[in-house]
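One structure below.
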Amino acid sequence: LSVLVLFLFNVSLFAREPGVYDFGGFLKDDEVKEISDSLKNIYAEYGKSAVVYITSKNLKNLSRDDFKAFIISKAKQYGVRGLFVFISLNPKMIKVLASKDVKEIYPSSFRKSLEQEMASYFRKKDFKGGIMVIVNALKERLSKAKSAGILQPPASTTAMANKSQAMAKEKKSGSLFGKIILWVVIIFIILFIVQFIRGILQARRANMYPQ
């Protein structure tokens, strides 16, 4: 597999979830889920995202500049705050990009080593193993960066967690209130039906036994 040079990219406002986006049938469904879950766990722990984008689209006819532009456009589209791993099946190519905010954590030598190690797995047809190179390297790299004080979890991660907990409590409270209201309405409907039936029966008795 050919290996390209890294291009830093700006982050889109509409970031996708960390994970594997396989548009080439490169991995099995259970492998996609397993790796995606691992990348989500990394994001939850360290606040840095990673997306693996795989395409079987025919890009052979693109010029060098158009090919670079296509990859960068995908990186921006997915809006990753961390690593964007681009894998093309036609032509066979790997490219690892990094957002500007992780430049210190993921230097060019680190990214180049990832590309080369992934390529070695792919040549042996070990596609899952090649993608797991990313997962294992990120865990090790981010853990060291956190210990060294380089990595500071973004305030937004904590804020989002607190917001999620608050929303869950509010939802639970709202759900309980909604159930109470529902039962009150049901009871009123039952009482209305009972009164209605009682009225009909009384009217029938009155007709059967007129005074």
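Where a number appears in this text, it was derived from the coordinates with a stated rule and is not lab data. Every value quoted in this text rests on a predicted model; they were computed, and no experiment measured them. Quick reminder, even Gly has a Cβ in these numbers, built from the backbone with ideal geometry, and neighbours come from all protein chains shown.
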Quiz item: Does segment 66-147 come out rounded, prolate or oblate by the C-alpha gyration tensor, with a ≥ b ≥ c the root eigenvalues, rounded set by a/c under 1.5 and, if not, prolate when a/b is larger than b/c and oblate if not?
Solution: oblate
Exercise. Would you please name the GluC sites (Glu not before Pro) within segment 72-158 that are DSSP coil residues with at most 16 other C-beta atoms within 10 Å of their C-beta?
Key: 104
Exercise. Mind giving me the nanometre distance, one decimal, between the label points for residue 201 and residue 128, set 7 Å out from Cα along Cα→Cβ?
Key: 6.7
Quiz prompt | Förster radius 35 Å - calculated FRET efficiency between residue 186 and residue 143 (Cβ-Cβ, nearest 0.05) | solution = 0.05
Quiz item: Using a ≥ b ≥ c from the Cα gyration tensor of segment 21-85 (square roots of the eigenvalues), is it rounded, prolate or oblate, where a/c under 1.5 gives rounded and otherwise the larger of a/b and b/c decides, a/b for prolate?
Solution: oblate
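For segment 17-67, run through the GluC sites (Glu not before Pro) and keep only the ones in DSSP coil with at most 10 other Cβ atoms within 10 Å of their Cβ.
none
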Quiz item: Tell me, what ³J(HN,Hα) does each residue in segment 123-130 have, in order and in whole Hz, if you take phi through Karplus 6.51 cos²θ - 1.76 cosθ + 1.60 with θ = phi - 60° and put x for Gly and Pro?
Solution: 5, 8, 6, 9, 6, 5, x, x
Quiz item: Around residue 47, what is the net charge, scoring Lys/Arg as +1 and Asp/Glu as -1 over all other residues with Cβ under 11 Å from its Cβ?
Solution: +1
Quiz item: Can you work out ³J(HN,Hα) from phi for every residue in segment 23-30, in order, using Karplus 6.51 cos²θ - 1.76 cosθ + 1.60 and θ = phi - 60°, giving whole Hz and x for Gly and Pro?
Solution: 9, x, x, 6, 10, 6, 4, 5
Quiz item: Once fully extended, how much extra length lies between residue 30 and residue 108, figured as 0.36 nm per residue of separation less the alpha-carbon to alpha-carbon distance?
Solution: 24.9 nm
